[in-house]
Structures are given as structure tokens and as C-alpha cells.
Amino acid sequence: MSKIGVFVCHCGENIGATVDCSRVAQEASKIEGVAVSADYKYMCSDPGQTLIKDAVREKGLTGVVVAACSPRMHEPTFRKACAEAGLNPYLCEMTNLREHCSWVHDKGDATTEKAVGLVRMLVEKVKRNKPLAAIKVPIAKKALVIGGGIAGIQAALDIANAGQKVILVEKEPSIGGHMSQLSETFPTLDCSQCILTPRMVDVAQNPNITLLTYAELEKLEGFIGNFKATIRLKAKGVDHKKCTGCGLCSTKCSSRKIPSEFNEGLGLRSAIYTPFPQAVPNKPVIDRANCLYYKKGKCKVCERVCPTGAVELDREDEFITEDVGAIVVATGFSVLKPDFFPEYGYGKYKDVITGLQFERLASASGPTLGEIRRPSDGAVPKKVVFIACAGSRDPAKGIPYCSKICCMYTAKHAMLYRHKVHDGEPYVFYMDVRAGGKSYEEFVRRAIEEDGASYIRGRVARVYEKNGKLIVCGADTLLGGKPVEIEADMVVLASAGVANQGSEELAQKMHVSYDAYHFFAEAHPKLKPVETNTAGIYLCGACQAPKDIPETVGMASGAAAKVIGLFSNSELTREPLVAVVNRTAPPEFSTCVGCFMCETACPYQAIEREEIRDRAGSVIKRIAKVNPGLCQGCGTCVSFCRSKSIDIQGFSNEQMFAEVMAMSEAY
């Protein structure tokens, strides 16, 4: 015989102002199986919880229904109170009288009747609830960080400094990401390499971090706490254990006119190369696409001159498998190539460059050693036009979002230009100045007021060349759309930040969501900004959306904190509200017919195949089995199951039917 306790909360006036809570409690006491029914102004308060605990102990309640606010807010509170009183916490349920009743209806008898009906539904459900136990999942205390930019570096260091093991995987020959390409950073104008390089070195020297550069995630299996990652170690052509980083191979290489990716095509490198002077590891790799040995089968100069015999031209890709408990995705972003905009002349005119190329010109380690010079003839430009939103906020081009960092780095570029070319004239075409950050607005004002940058509100329609000058045609919307033409020596495009090529494929390997622009999607934009829909996989940095350095570092530390929290226990405790495949007595064993429609439908890859064998070891039947470590309790498999063999614990078909019947009987 069920003995249910019903406890109605007034929630101050949130519920009590429109619902007659005393009447709801009185009507609930008439429902079959209800042993106790009471109302209280604040049931979540200490006296309210004591009321529930005392009733459970004194009346020997077999279930509790709390009619109050959203279960998302206080269900853990009331379940904990029931557990303290000796009742299984999953025999406690909440019905939402606030959002589902009082907030959406006016005061009146009909509103109160609806509240009574909601309580009646949950009473019938609780009668059919079963005691459940939390799921315990063992944890492999090792983290995988994918991406070696500032986000990956920060996350890896935070996790490693907490005493946990980390594998940092970077697809390029060196860690550092886009931040290593920058000259200075806003709003403080710190030297980017000066603040980044020590952290790069810390990663290489930290005993808890295994650094795998020139590597990519090949395959991912498993679930939170128990992932199995297969990592491809791309053939470097150089044994880094033997290599001393002397650089002799690079200086003797026969192929020396290859555009440098690090310098955004403004400089040259050899086929065997180290990306930049501060690279970590500071040892070369061989670019097989441009190496004469791989193209024509001859040369081997690097192999002959290497004093330690570190060059291994015939080495192939290798694969390693690592057991990890959590994954941090920090793969960063790419910059939209402005040849997307033929009207700006990128690719046609050498002196139309991107913001990242301008960073390399301004950098002391760049192709011009920090001097601002035109790519076409090496002359110092006396008039430079910076075009903001080159791709961003342009629905016609397919990129309607704001890239967030462009306004700030355009102001920085104007300042750097004036600092290096004192008689130069910087012009900035902009749509709106979005300087949302600490000291950001002041930074933009400084560029305008102290460094003399001329800001013109309007979009550029066309850039063309005339008499050795770049003619920039636009309009000033603050002057009623007045046409503006500027004869510039160089044009810099603040091109949009976009998702990395291959991000969609990586998301599918990890079974995480991504948005329409192929940025990885968080589980909730406000409440779970660094988590994904796959438990145990976290996001940080610009792989989620364009972000500046402070926000990226903050997110990285947030993701690291999630991993550290996960690793703080030897086992992971999870809610048992997951799907289960029914089991019956022999010879049927289960009503599951083994069609595995559920396997194809599950968005979390939680469905496995189980073989039922006889005593001789012969397979009798193959049925579906739910991995409770992966299951998120979404119920998709339940709706797909043709034989109705799957239920969600706590939300079985029987319970749902009982709720519907209780409501139909009320009306």
C-alpha cells in the first residue's frame, strides 16, 4: 500500500498569489494513497525541509511529491532531504506549479483546479517509482587536450599543475597557435611572444604533460572517464630524440623558396624547417609536398649533413592509443581568405593584405624585421586604409555573425602603424565600433585621439589600382552617405574569423554538436558554456566562436577546472535516469528482437550489442544494451524501439500512462 506525502509550497507569492495552496493540499489529501498533505510558505527553507523529513520518518512514507517551482532548481534539494530521512531520493518527485500554472494563469478556481490536477498526476507517478541507485563510473585520470594555441596551453598547464597527467596534441610542428604570429596584443600592447613563449616552454618542461606536435586525433571511442583516443603521429622525417635543433639541415636544403605559412606567405622557408625562432619544440620537420626527395626521389642533402643522423626520410605515420578520462577541445579558428571578396582586390593587388599579414610585417621576427613595408616593392606606405568587417556581419556573403576581435585589432594596427611610421596616415572604414571589454573603449579612443587614426563610418564598395596607388571607394554614412575616395599605399582587411577546415569532421569523430558555421556548440550558452552534449568533452577558445585572448584564457581555465573536478574522485557518480533494455526469464531473456534501430538513433552512441550465451558458450540471442556511462536519458531509443523493450528509469511507459490517466480522470 502506497503512503505518499504531498507538500505544497507557496513560493512566497510566486505561487500563492494565483493558486489557493491550502485548497490544493486539502484536495491532495483525498487522493488514494496520500498519507500526508501539507502546505508551507517556503518549502525549500530549512523549516520546510524539516517538515518533509519528519513526515517521512513518522509516517513511514513510501514516496514524496513536492508541488513547488521548477525541478531544475530545487529537485536536488528535496531529494537530499528525503535521503537524509531514510527514503530513496528517487522516490521524491516535484511538480512545477510555478512555471506550469501560477505564472501562466490568472488567479481563480480554474488555476487552482489545474494545480490539483498536476499534483494528482505526480502522485500516480510516484506510486510506480522504484528505488534507484546512482551510477558509478571509473575514471582514467589522464586528460587529452586537442590544440596547442593559447587555449590549449592554458588548459594543459592548469590541469597538469593540479597534479593530473595531460596529453597535448597539436597538428602543426609547433605549439603557439595564432597568438605566436601576433606582434603585440590589445589593450596593453604587450609583446605577444614575450608573454606566450614562457608558457610554451612551461608546457615542454612540465613532467605531467606529454607534448605531441605534428599529430592529429584519428579516432575516439568510449565515454566520460573512459575514452580511448587513437592519435596519428604524422611522419616528421626527423627523429626529435636525436635532433639537437642546430638548423644545419635547413640552411643546406635545396628547396628554399616555399611560402612560409607562419609569415602568411610574406616570407620564404625551406622544405625542412622550423616554423619560427621561438618554436616549441625547436626542431625541424620535413614538408613532404615540397621536398625534392619525396617529389623526385633524389637529393637527401639534409640526411647527409645532419651531424647526429636524426633525418629519417623513410619513416611513416604512426598510431598510438591512449586511455583518457576527459577531453578539452581547443582547436582555435582560421581567418577567412579575402579572395572571398574580389571587390577588394586581394590576390590581384599585392598591397592588399590581411590583418594577420600586417601582424607579421609589424613583428620583429617577421619578414621585414618589424618595419612596415609594402609587399609589392618594399617601400614604406605613407597612407594605409584599414577595412573592418571584411566578411563579418555580411549575410550576403554567408557570414552574418560578428568576429568580435576585428574592431580591437584594427585599432591596434592603426596605432602600431603610427608608432612605426610617424608621418603615416591611417584611415579606418568601419560599420560600428564594438569595444566590449576592460579598457577596450579607452584603447579605441586612444587610437583616434592620440594616434590620429581617421575613422570613417561606412562600407567600402571597391578597391582598384590607379597610377601605382590603391583607390579605396566607400561612403561616409555619418555625412549622409557622402562618397569617399582615398588614394592609399596599402590596404589591410580585417577578415572574418571562421571555423577551422576539418572542424566538422573532428566534431563527428568526437560526437559533439556544431553550429551552422561549423564552430563547436556548447551544451548551454549560459549554464554550460564549456561543456558539450557529450559528457566528458569540453570546449575552450575560438573553436567555439571568435574570441579575444583574455576570454580564451578564461574559458581554458574554466574547462580545466571541469576536468580537475571530474578527476577529483576515483569514480564518477551519475543520475540513474537512463535507458534500460528489459530482461525476462529464459528462454526469452528479453523482448528485444535485436533490430538495433535504437543503435542508429542514439545521439550519444550509448547503445551496445550484447550476446546472450548458453552454458556451452553458444550465442542464443543478440540484444541491445545501454551503456549507462554514455546515456543521457534523452529517450530517443524508447521512441524508436519497435518491440517496446526500452524504458527510461524514472520515466517508464507505465508511469507516463498513469500520469495521463490521472489527468483524464480529473476532467
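The values are calculated or read from the model by the stated rules, or taken from the named source; none is laboratory data. Remember, predicted model here, so these are calculated numbers, not experimental data. Neighbour counts are summed over all protein chains in view; Cβ atoms, including those assigned to glycine, are modelled from backbone coordinates with ideal geometry. All accessible areas refer to the heavy atoms of the entire protein, side chains included, with ligands and DNA or RNA removed. Shrake-Rupley method; radii C 1.70, N 1.55, O 1.52, S 1.80 Å.
For the stretch 498-525, a residue qualifies if it is among the aliphatic types (A, V, I, L, M), without any contact (Cβ under 8 Å) to a residue 60 or more places away in the chain and in a loop (DSSP other than H, G, I, E, B), and the qualifying residues are A516, A521, A523.
Of the strands (runs of 3 or more DSSP E) lying entirely inside the stretch 586-667, those containing at least 2 residues that are touching a residue at least 40 places away in the same chain (Cβ under 8 Å) span 619-626, 646-648. Picking from residues in the stretch 34-61 that are among the small types (G, A, S) and within 13 Å of G86 (Cα to Cα), the one that is surrounded by the fewest Cβ atoms within 10 Å (Cβ to Cβ) is G60. Looking at A542, A560, just one residue is in contact with a Phe, Trp or Tyr (Cβ under 8 Å, 6 or more places away or on another chain), open to solvent by less than 20 Å² (accessible area, probe 1.4 Å) and farther than 27 Å from K625 by Cα, and that residue is A542.
If the condition is being of a type in the set (V, I, T) and either surrounded by fewer than 22 Cβ atoms within 10 Å (Cβ to Cβ) or on the phi > 0 side of the Ramachandran plot (or both), then the stretch 1-33 contributes T18, I31. Taking (1) part of a loop (DSSP other than H, G, I, E, B); (2) of a type outside the set (D, E); (3) at pLDDT 90 or above; (4) closer than 30 Å to G541 by Cβ in turn, P576 satisfies each apart from (4). Restricted to the stretch 296-369, the set of strands (runs of 3 or more DSSP E) holding at least 3 residues that are touching a residue at least 12 places away in the same chain (Cβ under 8 Å) and either in contact with a Lys or Arg (Cβ under 8 Å, 6 or more places away or on another chain) or on the phi > 0 side of the Ramachandran plot (or both) comprises 318-324. The number of residues in the stretch 370-394 being open to solvent by 40 Å² or more (accessible area, probe 1.4 Å) and part of a strand (DSSP E or B) comes to 2.
Inside the stretch 112-145, residues that are open to solvent by 10 Å² or more (accessible area, probe 1.4 Å), of a type outside the set (D, E, K, R) and out of contact with any helix residue (DSSP H, G or I) (no Cβ under 6 Å at 6 or more places or on another chain) make up a count of 9.
Of the residues making up the stretch 487-497, those that are out of contact with any Gly (no Cβ under 8 Å at 6 or more places or on another chain) and of a type in the set (A, V, I, L, M) are A488, M490.
Per-residue answers, yes or no, for (1) basic (K, R); (2) farther than 19 Å from P76 by Cα; (3) more than 41 Å from the chain's Cα centre (by Cα):
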position: M1; (1), (2), (3): no, yes, yes
position: G5; (1), (2), (3): no, no, yes
position: V8; (1), (2), (3): no, no, no
position: E13; (1), (2), (3): no, yes, no
position: D20; (1), (2), (3): no, yes, yes
position: R23; (1), (2), (3): yes, yes, yes
position: S29; (1), (2), (3): no, yes, yes
position: G33; (1), (2), (3): no, yes, yes
position: C44; (1), (2), (3): no, no, no
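Scanning the stretch 196-238 for residues that are under 26 Å from P138 (Cβ atoms) and hydrophobic (A, V, I, L, M, F, W, C) yields I209, L212, L217, L220, F223, I224, F227, A229, I231.
Selection over the stretch 486-498 of residues that are over 16 Å from C389 (Cβ atoms) and open to solvent by less than 20 Å² (accessible area, probe 1.4 Å) gives a count of 4.
Taking the stretch 257-281 as the range and being open to solvent by 40 Å² or more (accessible area, probe 1.4 Å), of a type outside the set (A, V, I, L, M, F, W, C) and without any contact (Cβ under 8 Å) to a residue 60 or more places away in the chain as the test, the residues that pass are K257, P259, E261.
Going through the stretch 585-626 one residue at a time, which ones are β-branched (V, I, T) and open to solvent by 50 Å² or more (accessible area, probe 1.4 Å)? Residues satisfying the conditions are V593, T600, V619, I620. The stretch 409-485 holds strands (runs of 3 or more DSSP E) entirely within its bounds, and those carrying 2 or more residues that are farther than 25 Å from S183 by Cβ, open to solvent by less than 70 Å² (accessible area, probe 1.4 Å) and without any contact (Cβ under 8 Å) to a residue 24 or more places away in the chain map to 469-476.
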